[in-house]
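Inspection log for the structure reproduced underneath, given as structure tokens.
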Amino acid sequence: MTPAFSLCVYCGSRPGAEPRFGEAAVQVGRWIGEHGGQLVYGGGNNGLMGVLADATLAAGGRVVGVIPRSMVEREWAKRDCTELHIVDNMHQRKSLMAERADAFLALPGGIGTFEEFFEAWTWRVLSFHEKPVGLLDLDGYYAPLLTFLRQSVRNGFMNDWQMDMLTVDSDAATLLQQLVQSAAFTTRMDTSQI
Ligand code: AMP
């Protein structure tokens, strides 16, 4: 069955220092599955990535993993994904993930998550795509980053409209709903069941 929507989620390949990070990943995966959606992610079994994929599968969602060949062992490629794509390099990984997504969401994570999130956002700003980009500011995890970004606006290196292209919320369900609704607006998908 065709999924109701396809959400690309970036998140830590580590579990984070406290259980609340894993709990948020479970909540997001469960929401995707329970709403008939599809998760597109980096295809690993480590950290929040593995937790997110397991929760999506357990709730009946589809999971599309995309992982470079050289990282299959390092990130423990998740063999029970609905679709697992083993690609040649990081560029192929990112472009396939972007292609398969209706919207992007970053959960707490580290350097890899930041890189992927900024790419999805900058591509949106440059009009390479029109898909919504969200940031889950779980318990203020991203507050220092958001403060820095607003400082960049004040210093004239960014604009308010670039910030406005980002959807930020501290509540996962609220943010997911918003992203899926705006993705429906840009892709004209039918969200009557969501
Ligand atoms: P991290 O947030 O550092 O735990 O990494 C999360 C995910 O981002 C992992 O699957 C990394 O392989 C991935 N990642 C790291 N660097 C990049 C990059 N330059 N482009 C795309 N994904 C990356």
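Antiparallel beta bridges, as assigned by DSSP with both residues in the chain, represent about 5 percent of the total such bridges.
All other residues whose Cβ lies under 12 angstrom from that of VAL66 are scored, Lys and Arg at +1 and Asp and Glu at -1, for a net of 0.
Per-residue 3J(HN,Hα) values for region 127-140, derived from phi via the Karplus relation 6.51 cos²θ - 1.76 cosθ + 1.60 with θ = phi - 60°, read 6, 6, 8, 10, 7, x, 10, x, 10, 8, 8, 5, 6, x Hz in sequence order (x marks Gly and Pro).
Could you sort the peptides 105-114, 47-56 by per-residue average Cβ neighbour count (10 Å cutoff), highest mean leading?
Working: 105-114: 20.1, 47-56: 24.8.
Per-residue mean Cβ counts within 10 Å order the peptides as 47-56, 105-114.
Label zone of GLU18 (point 7 Å out along Cα→Cβ, amide N under 15 Å): in region 102-144 this covers 108-109, 137-144. Among beta bridges identified by DSSP and lying wholly in region 1-113, the antiparallel ones come to about 5 percent.
Along the chain, the exposed loop sites are GluC sites (Glu not before Pro) outside DSSP states H, G, I, E and B with at most 14 other Cβ atoms within 10 Å, and the longest stretch free of them is 1-72. Between LEU84 and ASN155, the FRET efficiency estimated from the beta carbon spacing at R0 = 41 angstrom works out to 0.40. Other residues whose C-beta falls under 11 angstrom from the C-beta of LEU136 contribute a net charge of -4, scoring Lys and Arg +1 and Asp and Glu -1. In loop segments of region 1-96 as defined by DSSP, the trypsin sites (Lys or Arg not before Pro) with at most 13 further C-beta atoms inside 10 Å of their C-beta are ARG74, ARG79.
No value in this document is a laboratory result; all are computed from the given coordinates. All values derive from a computational prediction rather than experimental measurement. Heads up, the Cβs are rebuilt from the backbone with ideal geometry, glycines too, and the neighbour counts pull from every protein chain shown.
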